[in-house]
There are 4 protein chains.
Amino acid sequence: MNLELALRMTEAAVKQAFREGAAISVAVVDEGGNLVSFQRMEGAEISGPVLAPGKAYTAVALRRPTSELAALTAPGGELAGLAGGRFVCFGGGVPLRSGHATGDRVVGGVGVSGGTVAQDVACAEAAESVWRTR
Amino acid sequence: MNLELALRMTEAAVKQAFREGAAISVAVVDEGGNLVSFQRMEGAEISGPVLAPGKAYTAVALRRPTSELAALTAPGGELAGLAGGRFVCFGGGVPLRSGHATGDRVVGGVGVSGGTVAQDVACAEAAESVWRTR
Amino acid sequence: MNLELALRMTEAAVKQAFREGAAISVAVVDEGGNLVSFQRMEGAEISGPVLAPGKAYTAVALRRPTSELAALTAPGGELAGLAGGRFVCFGGGVPLRSGHATGDRVVGGVGVSGGTVAQDVACAEAAESVWRTR
Amino acid sequence: MNLELALRMTEAAVKQAFREGAAISVAVVDEGGNLVSFQRMEGAEISGPVLAPGKAYTAVALRRPTSELAALTAPGGELAGLAGGRFVCFGGGVPLRSGHATGDRVVGGVGVSGGTVAQDVACAEAAESVWRTR
């Protein structure tokens, strides 16, 4: 992960947010879950500085999109009750992988918050597609 | 609880993880819920340093395997809403008891995180069986 | 405060860091102390995501440059013992004011961390001068 | 950083502690400040699980031995008032560098707590010398 790439991903997420009519916050973290960049759009909620980095961290920490965690952390799910602290377990966080082959590593994550969950997911995926085609 | 025994338990958990093809973190805590040992295997998630000690603490704090807490902490359950902070309420944490007779005490706990919950439970139980046959 | 201006301030801070030969993190917060933007340069310390937003918050919260807080928070000082939590009480945080007249308000803050304190202050002031001449 | 190396470093620290007649906790963290291993010796204080990982994190986060931070964080020092949260700013934490050439990176840290600060430093340095001669 590096800042230049993080900013390009952020730009893609913000562009998607404009398309969606949403005001979002976008966070990018590195392999260790530490913040690399953050942007909160004009008009986006003050929960963004908490939730967007949280989703990005969670996507790295659990190595999967946070959208997959909603079911897993719901009552009866395998990770029931996980959430809280740095763990944000609903859609909008996406892990960034070093490659597409078996055995690739998670080397960062992007997290989006501020729109509906569907909008957050769309924006995070727009960011992630910049990563994949880097 | 002592370090030598904690390390033998950890070794058993790690050996089980290799058998399962999982990369895990293993934590052992004492009677006070305070960490005695922790190991994160090569390639295991960075959530391990949070979740494995959390499961070990929770197993001591509530004196039962964390796998039993899923139902209890679900909506309508006796401990609904408990999870969060140091409480991790899904499988992978096992309390360590001083004996098998009635009235025995919980004198420590082991917590495993990184595999599927079933794998985590299997690894924690491998650790606990070292304890039982100490 | 808005994102566009926050990014221009950040750019000025980063440009100054290159001049100084430092690798820094830059945070900009709004009137509520909530993060608007954050950037960590390639090679900057992982303390940046904690200290830069902390300095920006502190500059808003106490309405003065954090460089002035060293004496105030020292033993015997008026704010002795303040540091900790979100309060970072050494140089690198600067409040952003709505005007130059008496009675103007603090409407945001910038915080820089990663270089020496003198470098951090220089970078934060470079950001603040963008604000003043906006 | 990897677990096998972390355990060898830990062993060296514990061996030094026996020589010093101290009972210590030893933590090793990776580049992102996330825990890789932790051991608390028989009889060591329950502050160890907080302070040893804190020192290891701090050594990575600020890229210097925590023993250098005592003066820097004292009243009048450049980082006056830093401490609290994950930052532990007295001796016993040492950063681990990827090489000896200019431009080498900090890729982990070791933290020791439980003895006098001089003992903690000696134990952390024993661990670090394993790293340097790896």
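The values are calculated or read from the model by the stated rules, or taken from the named source; none is laboratory data. Here the structure is a predicted model, which means the values were calculated and not measured. Please note: Cβ atoms are built from the backbone with ideal geometry, for glycine as well, and neighbour counts cover all protein chains shown.
Filter region A:57-78 down to the residues that are under 16 Å from D:Gly32 (Cα atoms) and among the hydroxyl-bearing types (Ser, Thr, Tyr), then identify the one that is surrounded by the most Cβ atoms within 10 Å (Cβ to Cβ).
A:Thr58
Given the conditions (1) touching a Lys or Arg at 6+ places or on another chain (Cβ under 9 Å); (2) closer than 30 Å to C:Phe90 by Cα, report the number of the one that D:Val28 does not fulfil.
Of everything listed in (1) touching a Lys or Arg at 6+ places or on another chain (Cβ under 9 Å); (2) closer than 30 Å to C:Phe90 by Cα, D:Val28 misses just condition (1).
Please go through (1) more than 14 Å from chain D (Cβ to nearest Cβ); (2) touching an Asp or Glu at 6+ places or on another chain (Cβ under 6 Å); (3) over 26 Å from B:Phe90 (Cβ atoms) for A:Glu11 and return the number of the only condition it doesn't satisfy.
So the condition that A:Glu11 fails would be (2).
Of the residues D:Ala12, D:Ala6, D:Ala17, only one is crowded, with 24+ Cβ neighbours inside 10 Å and farther than 23 Å from D:Phe87 by Cα; which?
Working: D:Ala12 fails: crowded, with 24+ Cβ neighbours inside 10 Å; D:Ala6 fails: farther than 23 Å from D:Phe87 by Cα.
Checking each option against the conditions leaves just D:Ala17.
Filter region D:44-80 down to the residues that are modelled with pLDDT of 95 or more and among the small types (Gly, Ala, Ser) and list them by number.
Residues satisfying the conditions are D:Ala44, D:Ser47, D:Gly48, D:Ala52, D:Gly54, D:Ala56, D:Ala59, D:Ala61, D:Ser67.
For the structure I just gave you, tell me whether C:Ser47 is hydroxyl-bearing (Ser, Thr, Tyr) and more than 23 Å from A:Leu7 (Cβ to Cβ). If you could, list the steps in order and put the result at the bottom.
Details: hydroxyl-bearing (Ser, Thr, Tyr): yes; more than 23 Å from A:Leu7 (Cβ to Cβ): no.
No, not satisfied.
Residues B:Gly115, B:Gly81, B:Gly111: which one is closer than 25 Å to A:Tyr57 by Cβ, small (Gly, Ala, Ser) and under 11 Å from the mean Cα position of the chain (by Cα)?
Details: B:Gly115 fails: under 11 Å from the mean Cα position of the chain (by Cα); B:Gly81 fails: under 11 Å from the mean Cα position of the chain (by Cα).
The unique qualifying residue is B:Gly111.
Could you look through region A:79-134, keep only residues that are surrounded by fewer than 15 Cβ atoms within 10 Å (Cβ to Cβ) and of a type in the set (Val, Ile, Thr), and pick out the one that is nearest to A:Lys55 (Cα to Cα)?
Per the stated criteria, the residue is A:Thr116.
How many residues does region A:37-62 hold that are among the aromatic types (Phe, Trp, Tyr) and more than 28 Å from B:Gly48 (Cα to Cα)? Lay out the reasoning, then the answer.
So the first thing to find is which residues in region A:37-62 are among the aromatic types (Phe, Trp, Tyr), and the list is A:38, A:57.
Next, from what is left, pick out any that are more than 28 Å from B:Gly48 (Cα to Cα): none.
Qualifying residue count, region A:37-62: 0.
Between B:Phe18, B:Phe38, which is free of Cβ contacts under 8 Å to residues at least 24 places away in the same chain, touching a strand residue (DSSP E or B) at 6+ places or on another chain (Cβ under 7 Å) and farther than 16 Å from B:Gly91 by Cβ?
Going through B:Phe18, B:Phe38 in turn, just one is free of Cβ contacts under 8 Å to residues at least 24 places away in the same chain, touching a strand residue (DSSP E or B) at 6+ places or on another chain (Cβ under 7 Å) and farther than 16 Å from B:Gly91 by Cβ: B:Phe38.
Quick check: is even one residue across region C:27-42 over 22 Å from C:Asp104 (Cα atoms), of a type in the set (Val, Ile, Thr) and crowded, with 24+ Cβ neighbours inside 10 Å?
Taking every residue of region C:27-42 in turn, none turns out to be over 22 Å from C:Asp104 (Cα atoms), of a type in the set (Val, Ile, Thr) and crowded, with 24+ Cβ neighbours inside 10 Å.
So which helices (runs of 4 or more DSSP H) are wholly in region D:15-134 and hold at least 2 residues that are in contact with a helix residue (DSSP H, G or I) (Cβ under 6 Å, 6 or more places away or on another chain) and away from chain A (no Cβ under 14 Å)? Working first, answer last.
Values: elements: D:48-62, D:69-73, D:117-132.
So the answer is D:48-62, D:117-132.
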